[in-house]
Amino acid sequence: MTCEHLKDEYELHALGLSDGFERAEIEHHLRQGCAHCRAGLRNALITSVMIMQLAPDVEPPRALRKRVIASVGGGSSTDWGWRAIWATATAALMVGVVWLGIENRKKPEYTAQAKQTLAILNEPETRQVVFGGSVPVPPQGRVLVNAKHGVLLLASNLPKPPAGQTYELWIIPKGGSPKPSGLFQSDARGSAMYLSPAPVDMATLGAVAVTLEPEAGSAAPTSTPIIVAAMSD
Amino acid sequence: MFFFPLLFAALHSEGDRELAERLKRREPQAMADLYDRYGRVTYVLIFRIVRNTGTAEDLVQETFLRVWNRMQAFDSEKGALGPWILTVARNRAIDYLRSVDGRMAQNAFELETNEHPSLFANLETEVLNSDRARRLKIAFEKLTANQKQVIELAYYEGLSQSEMADRMKQPLGTVKTWVRSALKALREDLGEALAV
């Protein structure tokens, strides 16, 4: 095909929508160094990007900025809204912990874990972030972090891990690399409660995140986080 | 149904070179600045495509992470951050729609290749041309209802022409005619500078 025949295909090609034959032809021209097709695609790209901006303006959720920044270990300013949520959530959490404590009396091996969980919930300096509250489908829940007792994650609506994968918790320092903080599974309904008992440096804590990783775990995240909880100072 | 374009980086493009360098050095504050500059327009585009707040938030995060992870391939001197981010954002949102719809990812390879950072060299000036944006808006409004629909299906739903024909219950040839005539009208109204 000549460039003249291809000129109506450039925009669709720029969008990834060109049909197989035309796509192959354009790619062939580009591989041959065709200046005409290169210029045509460049202009198509400009047109496409401009058309993308015709979308109606809407206001992004305020928490999104913090979430995006936290995903690379960046810090953010204090959000006192979470403090209010903490007060409301604590009562509900305590009910669960009492139940957990009763159950765990039957299982001595879990007693230490239950005590640590209770300590995280009880201590006033524990910091809490709620995630995924805007819609019902993505993972929802809360992360509680205590300097001495570690990180407690309570989550629901977790996506079912593909075969051979599991969830991995990450503690992300401000300006640092994510630190692997344990592997866990969800129940059949996609809910999970996970305690990472290692002490946490609250001064440098940027975020807590969860990714899907191979069952053996990873030294660094290999997938996009399914949960990111930005932790404010 | 559309509002006037945001001209997303018109006030910021001069600082993109420095910002790109900071992103390459993986400074977390650079991500904050990147979001402040392009977060809104990215969210607007993704929300238009997926029409769900939570999903849009996830995809915005994925978009910025993808840009962050691919910055080393970006030409700080010539590259246009805004157009690149928007293209990555659209691809992520279209990928999501396709996965939800169960559509085969037959164009997945193209979505990957059409967002390579090297494609976004020297685009900023043209994209930020407010006169061209105004002409595009006028040109779009002049399209017929069918032409507008196929443009929206292509840009905001990522449908191929065959998929548009199925959706609109029209012959493929008719849909192709609408697509080509719509793009031709937009291209022509955008002026000689974009004409090949």
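Toward the positive end of the charge dipole of the range A:21-80, about the Cα centre and with charges on Cβ (Lys, Arg +1; Asp, Glu -1), which of A:I69, A:H36, A:S48 goes farthest?
A:I69
Counting only residues 5 or more places away or on other chains, whose amide H sits under 5 Å from the amide H of A:T166 once H atoms are built in the peptide plane?
Residues meeting the amide H criterion: A:E213, A:E215.
Among the listed pairs B:K78/B:K148; A:K7/B:K169; A:K66/B:K24; B:K137/B:K169; B:K142/B:K184, which are separated by more than 22 Å between their Cα atoms? Intermediate results must be reported in sequence, preceding the final value.
Working: B:K78/B:K148 33 Å; A:K7/B:K169 27 Å; A:K66/B:K24 20 Å; B:K137/B:K169 28 Å; B:K142/B:K184 12 Å.
Flagged as over cut-off: B:K78/B:K148; A:K7/B:K169; B:K137/B:K169.
Return the distance in nm (one decimal) between the two label points of a simple spin-label model at B:D75 and B:S99, each offset 7 Å from Cα along Cα→Cβ.
3.2 nm
Go through the range A:52-57 residue by residue and turn each phi into a ³J(HN,Hα) via Karplus (6.51, -1.76, 1.60, θ = phi - 60°); whole Hz please, and just put x for glycine and proline.
For the range A:52-57, the Karplus curve yields 4, 7, 7, 5, x, 5 Hz.
For each of B:T53, B:T144, count neighbouring Cβ atoms within 10 Å of the residue's Cβ, then give the residues from fewest to most. Mind dumping the intermediate values first?
Details: B:T53 16, B:T144 12.
By the 10 Å Cβ count, ascending: B:T144, B:T53.
Whose amide H sits under 5 Å from the amide H of A:G150, counting only residues 5 or more places off or on another chain, with H placed in the peptide plane?
Amide H neighbours of A:G150, under 5 Å, 5+ apart: A:V200.
Applying the Karplus parametrisation 6.51 cos²θ - 1.76 cosθ + 1.60 with θ = phi - 60° to the phi angles of the range A:60-73, what ³J(HN,Hα) value in whole Hz is obtained for each residue in order, glycine and proline being reported as x?
Listing the rounded values in order: x, x, 5, 6, 5, 4, 4, 5, 5, 5, 5, 5, 10, x Hz.
For peptide B:87-95, what's the mean number of Cβ atoms from other chains within 10 Å of each residue's Cβ? Write out the running numbers ahead of the final one.
Numbers: counts 7, 0, 1, 6, 2, 1, 0, 3, 1.
Whole-number average of other-chain Cβ neighbours for B:87-95 is 2.
Could you work out the local net charge near B:D58, counting Lys and Arg as +1, Asp and Glu as -1, over the other residues with Cβ closer than 10 Å to its Cβ?
Numbers: positive: A:R67, B:R92; negative: B:E57, B:E62.
With Lys, Arg at +1 and Asp, Glu at -1, the net is 0.
Can you give the mean number of other chain Cβ atoms that lie within 10 Å of the Cβ atoms in peptide B:50-60?
Numbers: counts 0, 0, 4, 6, 10, 4, 6, 10, 11, 1, 6.
Average neighbour count from other chains, rounded to a whole number: 5.
Each label point is 7 Å from the Cα along the Cα-to-Cβ direction; what then is the distance between the points at A:T204 and B:D36, in nm?
With each label placed 7 Å out from Cα toward Cβ, I get 2.6 nm.
Going by C-beta contacts inside 10 Å, put A:D57, B:D36, B:D16 in order with the fewest on the left. Don't jump to the answer; show the numbers that get you there.
Working: A:D57 16, B:D36 12, B:D16 20.
If I rank by nearby Cβ atoms, fewest first, I get B:D36, A:D57, B:D16.
Amide H of A:F131: which non-local residues (sequence gap of 5 or more, or other chain) have their own amide H closer than 5 Å, using H built in the peptide plane?
Counting only residues 5 or more places away or on other chains, the set is A:G141, A:R142, A:V143.
Arranged by the count of other C-beta atoms within 10 angstrom, fewest first, what order do A:H36, A:H13 take? Intermediate values should be presented prior to the final figure.
Working: A:H36 14, A:H13 26.
In order of increasing Cβ crowding within 10 Å: A:H36, A:H13.
When the dipole is taken about the Cα centre of the range A:1-71, and only Lys, Arg (+1) and Asp, Glu (-1) are charged at their Cβ, what size is it in debye, to the nearest 20? Can you show the working numbers first?
On the way: 9 positive and 10 negative charges, 137 e Å.
Result for the range A:1-71 is approximately 660 debye, rounded to the nearest 20.
A short reminder: the numbers here are calculations on the coordinates, not readings from a lab. This structure is a prediction, so every number in the text was calculated from the model and none was measured. In this analysis, Cβ positions are derived from the backbone assuming ideal geometry, glycine residues included, and neighbour counts consider all displayed protein chains.
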